[in-house]
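What follows is a single structure, written as structure tokens, with notes after it.
The values are calculated or read from the model by the stated rules, or taken from the named source; none is laboratory data. The model shown is predicted, which means the values in this text are computed figures rather than measured ones. With ideal geometry, Cβ positions are generated from the backbone for all residues, glycine too; neighbour counts draw on all protein chains shown. Just the protein is used for accessible areas: all its heavy atoms, side chains included, with ligands, DNA and RNA removed. Shrake-Rupley method; radii C 1.70, N 1.55, O 1.52, S 1.80 Å.
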Amino acid sequence: EKQGMLHPAPRGFSFSHDLIARSIYQEITPARQRVMHHRMAEMLEEEIAGDLVIAADLAHHAARSGDPALAARAMVTAGRMCLRFYANDDAISLCERGMGFVAGLGDAQRICLTLELCDIRLNAAPLEDWRAAAIEYTSLAEQALDHGALSHARLGYQMAAYVRWQNGQWSDARRDSLLAERITRAASDEAHILGMAEAAKCLLLLERDLSQADAMAMEAGSLAARCNILFPVVQATKGMLRYYEGRLDEAIEHLEDARTLAKAQGDRMNEYMANEYLAMVEVDRGDFTAALARCEPLVEIGSRLREGSEYPFALGLRALCEYSLNGSDESLAEHLQVVREVDAKARLTYLLNRVAALDIRYGRLDLALARGAEALQLAELMERPTETLLAHLNLVAVKGQLKLPGEGEHLAAIKALMTGVVARWARERAVEQLTQSR
């Protein structure tokens, strides 16, 4: 320091010039360099929490350590840190580097680390070929099972279920999700809790086997409480169940817990989902002022996530709330089209049904008819009873006012749906609407 070669830095000292650092580094033997990089990487692994700069340093030193397992683990750790701070391009780059390191590892390490890297890639960017990705995830899950890596097998099946749900393979998504839960029964408490909660969430998203979803969510919550383990997905699933049951105040409480946990843990996708359902709860109980306030963090998070349907849906939901409050639908058609283009069928159906209801309120019956018909087609395609019921309700109202044929068919469909499994708040809305129309 006295000679001016070093100067104080936020973390210890740094060289005053790159030439000095390079000269000293080149005088160290390659073997010694690897040893020093290895030790630095080990030290940085212990202090990485919450610091993106340390994540970059960890990746740098691990890559030069000569230890491919350490390097691959470092890419996973640094990649997750990048996701926490929305550095998605950096996460993808680290994932690609990590794939290079895992190639030379033994089977068990290679499979487990590949699954973790795939999880980072899935959260960082849209998939180019979702079918191939789903097949890859299930193949890796099977291989993880062969090696007794139950938590990683769960991860593989859960990723496959999520991808298939996103792209309309409902039966396959259900199968993979239940496989993930079944695998974790003999795994660690953490893996079992995650397996049950994720499977319950998937069943809810599919509106399938809801009693089983409720049982799994309750068991996951009880086990998590006994083990003092906090996972955002546990609270999110409870909130989704309460939303479906029409217990909306309780849904808000669980979803707020999920949002807080996800934010604290840097789990941006679950943070988005919690905010998404918080806004949806307010929309479906008719408090559009509260829903609009909920949309602001949703738009912020969505704008920084991967380029999927999250940001377009957040903008569409905000435009929906503004339409309800001021009667202006200037930007709605554009937002709906973007959601349509990213092929987010579930989210598009949700928006179309609510927008059609507002169209009816404001007397824009031709728009309501077109949007209601599209929502019905999508809801039936996805086999979503609640959204199908809402679409029929909108079409009954429109056709009744326009004196169009087909009203009776919609009424018959509504009565049939109400004897099955639909969200309680939707059932109550149907009863109220049908009572008023008599």
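Here is how the numbers come out for the structure above:
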item	result
Rounded FRET efficiency, nearest 0.05, which uses the C-beta distance separating MET218 from GLU47 and R0 of 30 Å	0.20
Table column - 3J(HN,Hα) (Hz), the stretch 327-340, Karplus curve with 6.51, -1.76, 1.60, x for Gly and Pro	x, 9, 10, 4, 9, 5, 4, 5, 5, 4, 5, 5, 4, 5
Distance between the stretch 268-283 and the stretch 9-55 - C-alpha centres, whole angstrom	41
Label point at VAL338 placed 7 Å out along Cα→Cβ; residues across the stretch 294-310 whose backbone nitrogen lies under 17 Å	295-310
Estimated inter-spin distance, ARG175 and ASN228, nm [label 7 Å along Cα→Cβ]	4.2
Residues GLN3 and ARG39, FRET efficiency given R0 of 30 Å [Cβ-Cβ distance, rounded to 0.05]	0.70
Anchor LYS263: lysines whose Cα lies under 30 Å away (excluding residues fewer than 8 positions away in-chain)	LYS201, LYS238, LYS345
Relative packing of 20-27, 139-146, which averages over residues the other C-beta atoms within 10 Å, highest first	139-146, 20-27
For the chain, calculated [θ]222 nm from helices alone, where every DSSP H run of n ≥ 4 adds -39500 (n - 2.57)	-26000 deg cm²/dmol
Cα-based convex hull volume of the stretch 1-137 per residue, rounded to whole Å³	123
Highest to lowest packing among 418-426, 59-67, scored as the average C-beta count within 10 Å	59-67, 418-426
Residue-normalised accessible area of the chain, given per residue in Å² at a 1.4 Å probe	46
Largest-first ellipsoid semi-axes for the stretch 1-55, taking √(5λ) over the Cα gyration tensor eigenvalues, angstrom	22, 18, 8
Folded to 0 to 90 degrees: helix 170-183 orientation relative to the chain principal axis, Cα	50
Under 5 Å, built H, 5+ apart or other chain: amide partners of LEU6	SER16
Projected area averaged over orientations for the stretch 259-418, convex hull of C-alpha atoms, nm²	9.4
Pairwise centroid distance, computed over Cα atoms, of the stretch 240-259 with the stretch 342-391, Å	23
Per-peptide average of other Cβ atoms within 10 Å, ordering 225-236, 114-125, 3-14 highest first	114-125, 225-236, 3-14
The stretch 337-387 - Rg and Dmax from Cα coordinates, angstrom	10.6, 29
Table column - 3J(HN,Hα) (Hz), the stretch 258-263, Karplus curve with 6.51, -1.76, 1.60, x for Gly and Pro	4, 4, 5, 4, 4, 5
Stokes-Einstein D for the stretch 184-303, Kirkwood Rh over Cα pairs, 10 °C, 1.306 mPa s (µm²/s)	111
Nearest 10 degrees, 0 to 90: helix 365-382 Cα axis against the chain principal axis	60
Descending Cα extents along the principal axes, the stretch 124-247, whole Å	39, 31, 26
Of the GluC sites (Glu not before Pro) in the stretch 284-383, those whose Cβ has at most 14 other Cβ within 10 Å and which sit in DSSP loop	GLU307, GLU330, GLU383
Viscosity 1.002 mPa s, 20 °C: Kirkwood-radius Stokes-Einstein D of the chain over Cα pairs, µm²/s	90
Net charge of Cβ neighbours under 12 Å - reference ILE229; Lys, Arg +1; Asp, Glu -1	-1
Rounded percent of accessible protein surface that carbon and sulfur make up, the chain, 1.4 Å probe	52
Crossing angle, helix 268-284 versus the chain [Cα axis fit, 0-90 degrees, rounded to tens]	20
